[in-house]
Amino acid sequence: MNIEDFNFLLDDNLIALYPAEPRDNSKLLCLKSGGILVDSYFYNLPNLLDEGDTLVINETKVIPTFLEGYRYRGENKANISFNLIKKIDPYSWDVLLKPLRKIKVNETIQFKKITGFPEVYAKVISVDSDSIVRIQFNNISTSLDEWIQCIGNVPLPPYIKSKRPIGDNDVDSYQTIYAKNSGSVAAPTAGLHFTDNVMSKLITKGVNICKLTLHVGIGTFLPIKTDNILSHKMHSEWGLLSSDNVDILNNTKKNGKKIIAVGTTSLRLLETACDDSGFFSPYEGETNIYITPGYQFKAIDVLITNFHLPKSSLFVLVASLYGLKDIKHAYNHAINNFYRFYSYGDVCFIEKNY
């Protein structure tokens, strides 16, 4: 299929620059089987689930991976900014770097001095065909992870950072209330709508909460650059689904109840850990599952997810779940009704539409 089939037009005014306040006041568009659309709000989520259903949440925690430094060529100084996207070893990371034209292999990126830490710098090791840069930090006597926590900032998406500065509120806003396991370089944004009140109502109703971890990396947000979507290379991300949570999922299937994935990250790990009969097994490791139209979903019944960018692997995924024609109709409805899009935007409740 051609990537242009997954394109749509969106007015910049519908791109959310700030989250809803409170979080659960986000608008919720229910995409029901048969192409039926129902407008609602996220705080009504407990009314959409039944006792014995299982909600699957991603407990990954965003780390402050947006860094700023500089490089010298003689007296010529250039500011360099980048997002850490994947840890290769204790001192090496793959990054997305800007401006890429101002850096060369073997050059050094320097950083401002942080009290309590020795001098830190990074050498550019390589640049690959996806413009992913590998850097290697110098071996410092204290923890590099602690240094990143001190100097790094919230890795807001570029369509937000280009419109406004990163604020103190983003530290909390760009993190789910149940974030626990550090490792993500971007938020699992479907989870940003949950509040303690919504979670409490779900639990009181008898909805099971299944917990997994998938650290969001470039596999989630790297754009599709090929004309044929099947030629896109999906980068791997690390995930964990424990045996206790597998038991919850298999019992849910056995009892004929629904499994609801919160976010495409949860969905992708669940589909990775599920066999063709719908049976789950514990899983720990990398997954590069790439879901395109024609894929038969085995693990989930419903997906809760934000509105995604055109021509992205995430829009391809929701088109695979709901059908390309129907998902475009739903997105057109959202645009005409002023839903807010992308990371800080509103949310969909998508039932399998086949």
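Checking N76, N106 one by one, the residue that is over 24 Å from the mean Cα position of the chain (by Cα) and on the phi > 0 side of the Ramachandran plot is N106 and no other.
Taken together, the residues in the range 117-144 that are out of contact with any Ser or Thr (no Cβ under 8 Å at 6 or more places or on another chain) and farther than 30 Å from L17 by Cβ amount to 13. Residue selection: E146 fails the criterion of being surrounded by 15 or more Cβ atoms within 10 Å (Cβ to Cβ), charged (D, E, K, R) and either out of contact with any strand residue (DSSP E or B) (no Cβ under 8 Å at 6 or more places or on another chain) or not assigned by TED's automatic domain parsing to the domain that holds F341 (or both). The range 109-193 holds helices (runs of 4 or more DSSP H) entirely within its bounds, and those carrying 1 or more residues that are closer than 29 Å to P223 by Cβ and acidic (D, E) map to 144-151, 170-173. Six or more apart or on different chains, Cβ atoms under 6 Å: show the pairs whose first residue is in the range 215-239 and farther than 17 Å from S129 by Cα and whose second is surrounded by 13 or more Cβ atoms within 10 Å (Cβ to Cβ) and among the small types (G, A, S). That search, which allows pairs on different chains as well, returns H215/G183; H215/S184; V216/S184; V216/A186; E237/G217; E237/G219. Please verify whether S162 is of a type in the set (S, T, N, Q) and not assigned by TED's automatic domain parsing to the domain that holds G278, treating the condition exactly as stated. Yes, satisfied. Considering only residues in the range 1-19 that are touching a strand residue (DSSP E or B) at 6+ places or on another chain (Cβ under 8 Å) and among the hydrophobic types (A, V, I, L, M, F, W, C), the one that is nearest to F42 (Cα to Cα) turns out to be A16.
Based on what the data block shows, is G206 of a type outside the set (S, T, N, Q), in contact (Cβ under 8 Å) with a residue 40 or more places away in the chain and touching a strand residue (DSSP E or B) at 6+ places or on another chain (Cβ under 8 Å)? It is false that G206 is of a type outside the set (S, T, N, Q), in contact (Cβ under 8 Å) with a residue 40 or more places away in the chain and touching a strand residue (DSSP E or B) at 6+ places or on another chain (Cβ under 8 Å).
Per the listing T292, T305, the residue uniquely hydroxyl-bearing (S, T, Y), assigned to a strand (DSSP E or B) and within 25 Å of I85 (Cβ to Cβ) is T305.
The values are calculated or read from the model by the stated rules, or taken from the named source; none is laboratory data. Computed from a predicted structure; not experimentally measured. Ideal geometry is used to build each Cβ from the backbone, glycine not excepted, and the neighbour counts take in all protein chains shown.
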